[in-house]
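Asker: Structure provided below as C-alpha cells; questions to follow.
The values are calculated or read from the model by the stated rules, or taken from the named source; none is laboratory data. These numbers come from a predicted model, not from an experiment. Here the Cβ positions follow ideal geometry from the backbone for every residue, glycine too, while neighbour counts run over all protein chains shown. Keep in mind that these areas ignore ligands, DNA and RNA; they rest on the heavy atoms of the full protein, side chains included. Shrake-Rupley method; radii C 1.70, N 1.55, O 1.52, S 1.80 Å.
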Amino acid sequence: MTFREDGYAAVDWAADYLDRVDELPVLAQVRPGETRAKLPASPPERAESFADVLRDVDEILLPAVTHWQSPRFFAYFANTGSEPGILAELLAAALNNVAFIWRTSPASTELEALTLDWTAQLLGLPSDWHGNIEDTASLATIAALAAAREVTGRHVVVCSTEAHSSVERAARLLAMETRKIPVDAEFRLDPSALDLEDAAAVVATVGTTSTTAVDPVPAIADMCERAGVWLHVDAAYAGSAWVCPELRWSQAGVERADSLVVNPHKWLFTPFDCSLHWTRRPEALHAAFSLIPEYVRTSDATDNLSDYGPAFGRRFRSLKLWAVIRCYGREGLQQRIREHVRLAELFEQWVHDDPDWEICAPRRFSVVCFRRNASDEENEAILERVNRSGEIFISHTRLNGRYVLRLAIGNARTTEDDVRRAWDVLRRA
C-alpha cells in the first residue's frame, strides 16, 4: 500500500478508537511482562507492511493500553488528546522540524511565540512576559531553578510538603538542596514557616497534585521580594482554569512571579506533551542556558527559544496547541472546563450526602478527595477492586496520614452519566 492509503487506514483506526474507547476497560487488564512476551524478541529481517503494524497494535498493544482517552479515566489529572490536536501532531510529524534556531524552522519559532501570547491572553496573564514551550512541567521547573541559581548564587529550593515531586527531582539534578515547608489545614503552604535567608527559589503551587490546594502566592511574593528570592509558580494543572474569569481567584499574586508553568496537556485538551513556561526575567534564563557553538551561528538577528531552557532540539509543539485554540475558541474551552467543575461539584455532593463516605479536602476545581468511613486497608481494597473492574480508573493520595481516594475530571468526553457510573461502581465495591 502507499503512504496515502496507509495514512487513511491510520486515521480511520484513530477515529474508530475514539468512537469505542468508552467500551474498553479503562485500566489495562494485563500482567507485567505479558505484552512483551507476545512480541518477537528480534527485529524483522525483511520489511513488513504498515497493515501488519496496525494489526499488532489492535491485537497485542491495545489490550495493554491504559486508556487516558476514556471518559471514565478519573486518575491523577484526567486529560484529553482532542481531535484537532491529534491531527496537528500528524502534521508536525510530517514536517519533522527541529527548531533549535530560528533558521531551522522559522514557522515553529514564530508560531510558538504567537501561541504563547494567545494563551496568555486567554488566561489573563501579563502581556510582556517571555514564553516558550517545554515538554513537561518537570523540565520547566529545572529551567526556573537553574535561572534562580544563576541570579542568586544560592542553592536552596523551598516548597511545601504538597509540592510536586518534580521540584525535588529538579533540585537533585542541579545539585541544590530542597527544604519542605509544612502546610495549613487546607493543605496550602504556610508562609509563617518560610525562612528565606539562604534560599535561591520558592516554588508555590496553584493546584497541588494531591488536593489542588492553592498556595497563598501574594504573601509568598512579598517575602520573596524582600529576600531577593526567585518565585516560581507551578500552575501546571489549575492554570488552564484561568480561561474562565470566575476561576481567576486562584491567579492572585501570580503576576508577581519570576516564572510560571501551565500545562495545556493537562486541562486544555492538547495531546501530551505541551508545557508552557513564562518568565518576566528572560535574561536570567538566557544567562543560564545560552550557548551557541560555531556550527549554528547565523546572520539572522533573531531570538532562539533554545536559549531559554535545557532542550536544544525542539519539536513543533505549538502547532497542536494553536490548532486546539482555533478549533475550540475561548467559548469552547470555557464551556468544557465549567462542565468539569460542575460534574466535580455534583460528585462531591453525592459523597457529602452519603453517611458512609466523607470529603477529605476542599474541592477547588475538578478534583474530589474522599474516602469511605472505614480503615485505610478497606479504602485501598475499594480502589483496587474498581480499577480491576475496568469500569473506571481512579488514583489515591495520603492526607494527614490517611489513605484517600481521588476522582479527577478533565476529559472532554466525560458526561454526567460517566460520573454517576463512577459513584455507582464505588458504592458497589
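Asker: So how many residues does the stretch 45-96 have that are in contact with an Asp or Glu (Cβ under 6 Å, 6 or more places away or on another chain) and of a type in the set (Phe, Trp, Tyr)?
Answerer: Qualifying residue count for the region: 1.
Residue by residue, here is whether (1) modelled with pLDDT under 95; (2) in contact with a Gly (Cβ under 8 Å, 6 or more places away or on another chain); (3) among the acidic types (Asp, Glu) holds:
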residue	(1), (2), (3)
Arg338	no, no, no
Asp353	no, no, yes
Val367	no, no, no
Ala381	no, no, no
Ile392	no, no, no
His396	no, no, no
Gly410	no, no, no
Glu416	no, no, yes
Ala429	yes, no, no
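Asker: What residue, of Ala185, Ala144, Ala163, is touching a strand residue (DSSP E or B) at 6+ places or on another chain (Cβ under 7 Å) and under 18 Å from Thr397 (Cα atoms)?
Answerer: Ala163
Asker: Shifting gears a bit: Please identify the pairs in which a residue from the stretch 149-160 that is under 19 Å from Glu283 (Cα atoms) and in contact (Cβ under 8 Å) with a residue 12 or more places away in the chain has its Cβ atom under 7 Å from the Cβ atom of a residue that is open to solvent by 60 Å² or more (accessible area, probe 1.4 Å) and not small (Gly, Ala, Ser), counting only partners at least 6 apart or on another chain.
Answerer: Filtered contacts from the stretch 149-160: Arg149/His155; Arg154/Asp198.
Asker: Can you pull out every residue in the stretch 21-46 that is in a loop (DSSP other than H, G, I, E, B), more than 30 Å from Thr414 (Cβ to Cβ) and open to solvent by 60 Å² or more (accessible area, probe 1.4 Å)?
Answerer: Result: Lys38, Leu39, Pro40, Ala41, Ser42, Pro43, Pro44, Glu45, Arg46.
Asker: Would you point out the residue of the stretch 378-423, among those that are assigned to a strand (DSSP E or B) and small (Gly, Ala, Ser), that is surrounded by the most Cβ atoms within 10 Å (Cβ to Cβ)?
Answerer: Checking each candidate, the answer is Ala408.
Asker: In the stretch 109-206, which strands (runs of 3 or more DSSP E) lie fully inside it and hold 3 or more residues that are open to solvent by less than 70 Å² (accessible area, probe 1.4 Å) and closer than 18 Å to Lys266 by Cβ?
Answerer: Per the criteria, 130-134, 199-205.
Asker: List every residue pair whose Cβ atoms sit under 6 Å apart, with the two residues 6 or more apart in sequence or on different chains, where the first one lies in the stretch 413-424 and is within 17 Å of His67 (Cα to Cα) and the second, anywhere, is open to solvent by less than 10 Å² (accessible area, probe 1.4 Å) and in a helix (DSSP H, G or I).
Answerer: Val419/Leu343; Val419/Phe347
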